[in-house]
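What follows is a single structure, written as structure tokens, with notes after it.
The values are calculated or read from the model by the stated rules, or taken from the named source; none is laboratory data. In this text the structure is predicted, and so the values were computed from the model without any measurement. Positions of Cβ are backbone-derived with ideal geometry, glycine not excepted, and every protein chain shown enters the neighbour counts.
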Amino acid sequence: MASADKSFLGTGWSFPPTFSRANHAVVMVKDDVDIRESLWILFSTSLGERIMLPSYGNQLWKMVFRGITTTLITQLQDMVAQAILYWEPRIDVDLVRIDADDSVNGLLLINVDYTVRKTNVRSNLVYPFYTQGEQTIPSPPI
């Protein structure tokens, strides 16, 4: 589908915010990239962190020092699915999976398979979640 046909998916600032020296303007992203970056911001934002919108975000940070169990994995899946349901109306979540293959190093990969409602295009996002508190919030993929 041509980019012009998908303009209704939205346009927003790139994340992290970057600026173009040539245009003296903020770099903007649109369509599917805007959705992916919106999800990345949603997963990286704690509830109450946004003063003007305190209910935006999630409580993933509360799980950082918890042991990796089936209960934790189920809670993470529910938190992610619920945050998307409330804050990303452009997509439908098909599946949230937690990959615990590298859990010995404190890394869980949150895999979100989703469908863009307006275009019926399927996509996915992998968000690294560190359970030991040693890592910082990762930068979004380019």
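Being under 16 Å from the mean Cα position of the chain (by Cα) and modelled with pLDDT under 90, is that true of even one residue in segment 69-90?
Among the residues of segment 69-90, not one is under 16 Å from the mean Cα position of the chain (by Cα) and modelled with pLDDT under 90, which makes the answer no.
Restricting to segment 1-27, name every residue that is over 20 Å from Tyr127 (Cα atoms) and at pLDDT 70 or above.
Within segment 1-27, Thr18, Phe19, Ser20, Arg21, Ala22, Asn23, His24, Ala25, Val26, Val27 qualify.
Quick check, is Ile73 in a loop (DSSP other than H, G, I, E, B) and among the β-branched types (Val, Ile, Thr)?
No.
Being without any contact (Cβ under 8 Å) to a residue 24 or more places away in the chain and touching a helix residue (DSSP H, G or I) at 6+ places or on another chain (Cβ under 6 Å) is the filter here; which residues of segment 30-58 pass it?
Ser46
Give the residue, chosen from Ile68, Ile110, Ile98, that is assigned to a strand (DSSP E or B), of a type outside the set (Phe, Trp, Tyr), in contact (Cβ under 8 Å) with a residue 40 or more places away in the chain and surrounded by 17 or more Cβ atoms within 10 Å (Cβ to Cβ). Talk me through it step by step, then tell me what you get.
On the way: Ile68 fails: assigned to a strand (DSSP E or B); Ile98 fails: in contact (Cβ under 8 Å) with a residue 40 or more places away in the chain.
From the options Ile68, Ile110, Ile98, the qualifying one is Ile110.
State all residues of segment 13-56 that are of a type in the set (Gly, Ala, Ser) and surrounded by fewer than 15 Cβ atoms within 10 Å (Cβ to Cβ); if no residue qualifies, say none.
Of everything in segment 13-56, those that are of a type in the set (Gly, Ala, Ser) and surrounded by fewer than 15 Cβ atoms within 10 Å (Cβ to Cβ) turn out to be Ser20, Ala22, Ala25, Ser46, Gly48, Ser55.
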